[in-house]
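Working notes, structure below.
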Amino acid sequence: MYGSPQKRDFISFTVTKEDDKTIKRQSCWRVWRRMSRLQRNIISFLLAIGIVLCIYILLHRKASTSGMENAVKAPPWDYGVGEDYVHFENDGQPGKKADQNKEDIANVNHPDTVNEVDQDNNVDEPVIHQPGGDDDEDDGEDEKQNVENHEIPIKYQPKYGPQNKKQEAVLAAFQHAWKAYKAYAWGHDELKPVSKSWNEWFNLGLTLIDSLDTMILLGLKKEFLEARDWVANDMNIKPRKDVNLFETTIRVLGGLLSAYHLSDEPVFLEKAILLGNELLPCFGSKSSIPYADVNLLTGVAKAPKWGPDSTVSEVTTIQLEFRDLSFTTGDMRYKEAVDKVSTHIHNLPKANGLVPIFINANNGQFRARSTVTFGARGDSYYEYLLKQWIQTSKSETMFLDDYLNAMNGAKEKLVRTSEPSKLTFIGELLSGERFSAKMDHLACFLPGTLALGYKNGLDEWHLQMAKDLIHTCYQTYARTATKLSPEISHFNMVPGTKGDDIIIKPADAHNLLRPETVESLLYMYRITGDEIYRKWGWEIFQAFEKHTKLPHGYSSIGNVQNVKDPGIRDKMESFFLGETLKYFFLLFSDDENLISFDKYVFNTEAHPLPIRDSQGKIVQ
Ligand code: DMJ
């Protein structure tokens, strides 16, 4: 009888080992069924957490090693690479590349040899001014140790550094910002100088990458090498993050490429190639217009969260960088992708050569009745027309044609004068037609671009318009209480009125440490030789020092009209180190060959890229 003791004993003697497992399974099942619902729920919950944790750990490990998995094949190095560059195997191990590199060029690049080379070439070590007394004492020792401890051989040899007091002041500002970034935000996107912490945007070390070439120019060898080692060892090119194609291209791809060109350090090109590959999915839309965002881990590209369209300045301000990546590697996929965008936009109908600020990536059409502006979302479309023409030694006339049409259109439709002082400013067309006397600080890039066009042979009126506009940009600083510009200025156009030409609305009164005016001052000074532009630049530099410098870095402020309480915002943008301080340093340089405009073209994030001939070869 089922359940009788006798029968149970009998069964237990005859089971095999395998049946043992069955019995265990059965008894587990029985135990499970005897549990209360609460007990079962708790166990199920714990099991679920365990499974989720395991999956997370597995994925996380995959993500952090993915840079290695995706290491690229050695590209066909055509040009721009030194003879002793070590071609790495495509076994997917950047570490191995570094080791091979080390062995192969040990004699050339041993740190001691670097010092000898420096002496031979009579290149002075840069003067390094630490803001804190403590640092002054052990600075030399630190540098010695740090450089000696580097496992990666050093190709970089410092050529630059400050030559005068104003450049030294800029160097000190950079060091002050960098010290805080290193202490509180190392490897993160942005420093929060008040809370002594950091902010993450793309998880790509934005400030560090944006600063690489600035450190080269400032002659900060120790800091540069530390940053290089972070890029080599700790940078994750594939964070689980949706990143913006434009921002990642101008800051990270541009920063890596220019650091590579200025230092010859192979790791920057290696990372630039990996990043370029991860950004390519953006170009998989139905039209040739790229999606705005891509998840670097999954490769899924899509329109931004806030709407269906891409931004026109964004899809047209990735070209210098992708083309440079192709020219440098010989892999034309990057250039082909962005050239398609340019051709597509070139062929779209435009009024007066000006573009609306939105375009749909699926149908490839401009959004009807969107704003026309040289400020946010329009600005660098115009900048990159001229600069792409220059990038390949004026060989691609499509860019020049579009640029000239746009400048004529801007002069006719957007450039006006204010009252009572007759300041020349550039306004906007709301809904593509209604004039608004509003000018973003971002639009202050335009005088510099106009002057660069004039330097490259365009008509005299380009320079005159540049002079008029930069005067106004300067006035947006000089007329505020802090002597710092607001984010947006409105201009009075009513004839016969008294008072100020510039109206600052409370919501527009912030200053984000932006570079555009300083950038234009650099172009104006180099191209005209007029010292007034350096004088204005120095005034602006001092205003930044006075109102945005904190014990631990620099910060955006909320109100340029309030000297007592400018409303510190606890954020140091990466472009302050990448652009603003770099442009100041170059503005105060007496050497116009320091990143000559005949050899380099600056991307929109101030990263210089080499000018090439029509075949893509670097112009010597
Ligand atoms: C930078 O990222 C670039 O200069 C871009 O073109 C515009 N915005 C910021 C600086 O203001």
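So how many residues does the range 487-505 have that are in contact (Cβ under 8 Å) with a residue 40 or more places away in the chain and away from the ligand (no atom under 16 Å from the Cβ)?
Restricting attention to the range 487-505, the residues satisfying the condition of being in contact (Cβ under 8 Å) with a residue 40 or more places away in the chain are 487-499, 501-502, 504.
Of the ones still in play, those that are also away from the ligand (no atom under 16 Å from the Cβ) are 490-499, 501-502, 504.
Matching residues across the range 487-505 total 13.
Filter the range 522-556 for residues that are within 16 Å of the ligand (Cβ to nearest atom) and either of a type in the set (Lys, Arg) or closer than 21 Å to Ala172 by Cα (or both) and give the result.
Correct list: Leu522, Ile540, Phe544, Thr548, Tyr554, Ser555, Ser556.
Of all residues in the range 556-595, count the ones that are touching a helix residue (DSSP H, G or I) at 6+ places or on another chain (Cβ under 8 Å) and farther than 25 Å from Ile503 by Cα.
19
Looking at Leu513 and the list (1) surrounded by fewer than 24 Cβ atoms within 10 Å (Cβ to Cβ); (2) more than 16 Å from the ligand (Cβ to nearest atom), which single condition is not satisfied?
Failed condition: (2).
Looking at (1) more than 27 Å from Leu586 (Cα to Cα); (2) within 16 Å of the ligand (Cβ to nearest atom), can you tell me which one Leu446 breaks?
It is condition (1) that Leu446 fails.
What are the residues in the range 182-204 that are crowded, with 24+ Cβ neighbours inside 10 Å and either in a helix (DSSP H, G or I) or among the aliphatic types (A, V, I, L, M) (or both), if any?
Selection gives Ala185, Leu191, Leu204.
Every residue in the range 367-380 that is basic (Lys, Arg) and within 13 Å of the ligand (Cβ to nearest atom), please.
Within the range 367-380, Arg377 is the sole residue that qualifies.
Considering only the range 226-261, how many residues are closer than 25 Å to Asn593 by Cβ and surrounded by fewer than 23 Cβ atoms within 10 Å (Cβ to Cβ)?
Looking only at that region, the number is 1.
Can Thr207 be described as within 22 Å of Arg569 (Cα to Cα), in a helix (DSSP H, G or I), within 13 Å of the ligand (Cβ to nearest atom) and in contact (Cβ under 8 Å) with a residue 40 or more places away in the chain?
Yes: the conditions hold for Thr207.
Which condition does Glu247 not pass, out of (1) farther than 22 Å from Glu605 by Cα; (2) under 20 Å from the mean Cα position of the chain (by Cα), if it passes all the others?
Glu247 satisfies all of (1) farther than 22 Å from Glu605 by Cα; (2) under 20 Å from the mean Cα position of the chain (by Cα) except (1).
Specify which of the listed residues (Val338, Val243, Val312) is at pLDDT 95 or above, within 27 Å of Asn362 (Cβ to Cβ) and in contact with a strand residue (DSSP E or B) (Cβ under 6 Å, 6 or more places away or on another chain).
Val312
Out of all the residues in the range 467-476, is one or more surrounded by 21 or more Cβ atoms within 10 Å (Cβ to Cβ), touching a residue at least 12 places away in the same chain (Cβ under 8 Å), within 16 Å of the ligand (Cβ to nearest atom) and closer than 20 Å to Gln561 by Cα?
Yes: the range 467-476 contains one or more residues that are surrounded by 21 or more Cβ atoms within 10 Å (Cβ to Cβ), touching a residue at least 12 places away in the same chain (Cβ under 8 Å), within 16 Å of the ligand (Cβ to nearest atom) and closer than 20 Å to Gln561 by Cα.
Being away from the ligand (no atom under 16 Å from the Cβ), acidic (Asp, Glu) and farther than 24 Å from Pro308 by Cβ, is that true of even one residue in the range 381-399?
Yes; the residues of the range 381-399 include at least one that is away from the ligand (no atom under 16 Å from the Cβ), acidic (Asp, Glu) and farther than 24 Å from Pro308 by Cβ.
Pull up the range 348-382, narrow it to residues that are in a loop (DSSP other than H, G, I, E, B) and of a type in the set (A, V, I, L, M, F, W, C), then point me to the one that is nearest to Val415 (Cα to Cα).
Here the residue is Phe374.
Any residue at all in the range 248-270 that is closer than 25 Å to Val372 by Cβ and at pLDDT 95 or above?
Checking the range 248-270: at least one residue is closer than 25 Å to Val372 by Cβ and at pLDDT 95 or above.
For the range 314-337, state whether one or more residues are among the aliphatic types (A, V, I, L, M), assigned to a loop (DSSP other than H, G, I, E, B) and crowded, with 18+ Cβ neighbours inside 10 Å.
Yes, some residue in the range 314-337 is among the aliphatic types (A, V, I, L, M), assigned to a loop (DSSP other than H, G, I, E, B) and crowded, with 18+ Cβ neighbours inside 10 Å.
How about the range 573-593: which of its residues are surrounded by 15 or more Cβ atoms within 10 Å (Cβ to Cβ) and more than 13 Å from the ligand (Cβ to nearest atom)?
Once the filter is applied, which keeps residues that are surrounded by 15 or more Cβ atoms within 10 Å (Cβ to Cβ) and more than 13 Å from the ligand (Cβ to nearest atom), the range 573-593 yields Phe584, Phe585, Leu586, Leu587, Phe588, Ser589.
Working only within the range 449-462, note down all residues that are closer than 15 Å to Thr424 by Cα and either buried (at least 20 other Cβ atoms within 10 Å of the Cβ) or not hydrophobic (A, V, I, L, M, F, W, C) (or both).
Leu450, His462
Residue under question is Val601, and the condition is that it be within 16 Å of the ligand (Cβ to nearest atom) and either in contact with a helix residue (DSSP H, G or I) (Cβ under 8 Å, 6 or more places away or on another chain) or modelled with pLDDT under 95 (or both); does it hold?
So Val601 fits the description; yes.
Among the residues of the range 432-448 satisfying the criterion of being part of a helix (DSSP H, G or I) and of a type in the set (A, V, I, L, M, F, W, C), which is nearest to Thr476 (Cα to Cα)?
Checked the range 432-448; the qualifying residue nearest to Thr476 (Cα to Cα) is Cys444.
The values are calculated or read from the model by the stated rules, or taken from the named source; none is laboratory data. Note that the structure is predicted; figures quoted are calculated from it, not measured. Positions of Cβ are generated from backbone atoms using ideal geometry, with glycine treated the same way; all protein chains shown enter the neighbour counts.
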